[in-house]
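A.B. asks: Have a look at the structure that comes next, please.
The values are calculated or read from the model by the stated rules, or taken from the named source; none is laboratory data. On a predicted model such as this, the values are computed, not experimentally measured, just so you know. Don't worry about glycine lacking a Cβ; one is built from the backbone with ideal geometry, like all the others, and counts go over all protein chains shown.
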Amino acid sequence: MIYIIFAVLAVIFAIPTWGLSLVAFWLFNKFLNKAQAKPIMVAMYSSYKLGEEITLPRTSHSAVRTAFKLLNVTDYEEQYFSGMRLRTFTGYVHHPMHPSRLLVQVHSQHMPDGKSFMVVGSSDTSAEAKEWLNELLVKKS
């Protein structure tokens, strides 16, 4: 909601400020994405360490993209399942203390009451991650 309010204010004040409000909004958006990406990155590694999924409330899709970008992951996959209002991000992350890559999956779902949440999970093998994704899709349908 705060994103929409600031976007509308930036557009309204674009002419009187010669476009500086749009630049300020862009900088605010970058700051907000980085601030939301840090808990996602912590959840990725905590999920691997604990072996459990971690749920994060009210995070944006662009924050997930920023988290992958900050971790130097360029080849992640993004899928959208419109019937369930579910968006899935899948990518391989290099763990600094692990010789192998971790498969990280972030699932974002918007509920009918307007609330949204993300579930973050990490595993060593793709077979475990596919099984985890299938279990999540079965639970949500």
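A.B. asks: Can you give me the number of residues within the stretch 52-71 that are in contact with a helix residue (DSSP H, G or I) (Cβ under 7 Å, 6 or more places away or on another chain), part of a helix (DSSP H, G or I) and not aliphatic (A, V, I, L, M)?
C.D. replies: The qualifying residues number 2.
A.B. asks: To continue, here is another question. If we scan the stretch 25-42, do we find a residue that is over 12 Å from the mean Cα position of the chain (by Cα) and modelled with pLDDT under 80?
C.D. replies: no
A.B. asks: Also: If a residue has to be modelled with pLDDT under 80 and in contact with a strand residue (DSSP E or B) (Cβ under 9 Å, 6 or more places away or on another chain) to count, how many in the stretch 82-92 make the cut?
C.D. replies: Looking only at that region, the number is 2.
A.B. asks: Where residues in the stretch 46-77 are in contact with a Leu (Cβ under 9 Å, 6 or more places away or on another chain) and surrounded by fewer than 20 Cβ atoms within 10 Å (Cβ to Cβ), which of them is farthest from ILE4 (Cα to Cα)?
C.D. replies: Looking at the filtered set, the residue picked out is GLU53.
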